Amino acid sequence: MTNQITLKRLARFSAAHNYWVNDLSAAENAALFGKWARSEGHGHNYAVELQVAGELDERTGMVVNITDVDRVLKSEVIGPLDGRFLNKEIAYFQSRPSTLENISAYIFEHIASKLPVGAELTGVRAWEMSDLWVDRTKRGDKMTVSLTRAYDFSASHRLHSALLSDEENLAVFGKCNNPNGHGHNYDIEVTISGEPDERTGMLYSLEELDRIVNEEVLLVFDHKHLNLDVPDFADRNPTSETVTLVIWERLARRIPVSGSPRLSKILVRETARNSFEYRGQE
Ligand SMILES: [Zn+2]
Ligand SMILES: [Zn+2]
């Protein structure tokens, strides 16, 4: 048995940037990135989580001393980036757009070789906002890049299967079988994986993703009674498992599920205590 452990460490920094592709005109940048292209810039409170894996050191009971991880984080990421205008002040972002996809690459490249011997950087998660983050995950020589966007909607439903008797429905679903229904504030996460576009620095256009999720999910589900108002549930019991699958099916009509970029995961959180995932090709 190996004593391989992965630890995670979170750090934060604030920076300004604007989305800008150097070889496009101002009008083309504005068309591609909207208000995020404005040259005056805008700012974010970024968060960064490192995933560091290694064998447990029997003497210390640790994989790596977390103060060593913090020292590298400070010298390579927080020190150079905190309080800066990324495009204007950081050379790395003068030759490529300062998207979250590229910021996570910067972090990976600057941290990976600086960790103490025996500690391997296996992943970086970087948040631009609480509802937008990028994962860069390394398994062997393979790097996977994923972009996740979170959304929410409110809906009512009644758990009731046409394949069960009324008594069986009540026995299985209990108060969730209430004839007049009940409601939830659903949180959903949509994950796209693949290779970021070299020119735009993006895995997928956020504006397009928001538009598709809005048309296929939010406008259809939000403030609706799932059983009565959403045709997908006419013959299907709207459990969160089914809601997860229906969201996948709806988005898969508009976003490829293989190749790059691809829809790779849907997560549905019905309450703070339960969540459901459907994963396609990682
Ligand atoms: Zn931004
Ligand atoms: Zn419910």
Of everything in the range 96-105, what is farther than 30 Å from T60 by Cβ and not in a loop (DSSP other than H, G, I, E, B)? Give them in sequence order.
L100, E101, N102, I103, A105
If you scan the range 240-273, which residues turn out to be in contact with a helix residue (DSSP H, G or I) (Cβ under 9 Å, 6 or more places away or on another chain) and assigned to a loop (DSSP other than H, G, I, E, B)?
R253, R254, I255, V257
Identify all residues within the range 82-105 that are over 20 Å from L10 (Cα atoms), surrounded by 16 or more Cβ atoms within 10 Å (Cβ to Cβ) and of a type in the set (G, A, S); write none if there are none.
S98
May I ask you to say which residue of A11, A53, A26, A31 is away from ligand 1 (no atom under 13 Å from the Cβ), more than 27 Å from the chain's Cα centre (by Cα) and small (G, A, S)?
A26
Of those in the range 139-162 that are farther than 24 Å from K224 by Cα and free of Cβ contacts under 8 Å to residues at least 40 places away in the same chain, the residue surrounded by the most Cβ atoms within 10 Å (Cβ to Cβ) is M143
Close pairs from the range 171-200: first farther than 30 Å from D135 by Cβ, partner buried (at least 17 other Cβ atoms within 10 Å of the Cβ) and among the small types (G, A, S), Cβ under 9 Å, at least 6 apart
N180/S156; G181/S156; H182/S156; G183/A155; G183/S156
What's the total number of residues in the range 218-255 that are within 26 Å of the chain's Cα centre (by Cα) and acidic (D, E)?
4
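Yes/no matrix, rows are residues, columns are (1) among the small types (G, A, S); (2) within 20 Å of G280 (Cα to Cα):
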{"position": "L159", "(1), (2)": "no, no"}
{"position": "A162", "(1), (2)": "yes, no"}
{"position": "E167", "(1), (2)": "no, no"}
{"position": "F173", "(1), (2)": "no, no"}
{"position": "G183", "(1), (2)": "yes, no"}
{"position": "E189", "(1), (2)": "no, yes"}
{"position": "V213", "(1), (2)": "no, yes"}
By residue number, the members of the range 193-231 that are surrounded by fewer than 17 Cβ atoms within 10 Å (Cβ to Cβ), in contact with a Leu (Cβ under 9 Å, 6 or more places away or on another chain) and not in a helix (DSSP H, G or I) are E195, R199, S205
Unique match (being loosely packed, with under 14 Cβ neighbours inside 10 Å and not charged (D, E, K, R)) among G79, G41, G54:
G79
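Residues checked against (1) of a type outside the set (V, I, T); (2) under 23 Å from N274 (Cα atoms); (3) in contact with a Phe, Trp or Tyr (Cβ under 7 Å, 6 or more places away or on another chain):
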site: R149; (1), (2), (3): yes, yes, no
site: H157; (1), (2), (3): yes, yes, no
site: F173; (1), (2), (3): yes, yes, no
site: I188; (1), (2), (3): no, yes, yes
site: N214; (1), (2), (3): yes, no, no
site: L219; (1), (2), (3): yes, no, no
site: N227; (1), (2), (3): yes, yes, yes
site: S240; (1), (2), (3): yes, yes, yes
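Rule-based calculations on the coordinates, nothing more; no lab input. As the structure is a computational prediction, the values presented were derived from the model and not from experiment. Cβ sites come from the backbone with ideal geometry, for glycine too, and all protein chains shown count toward neighbours.
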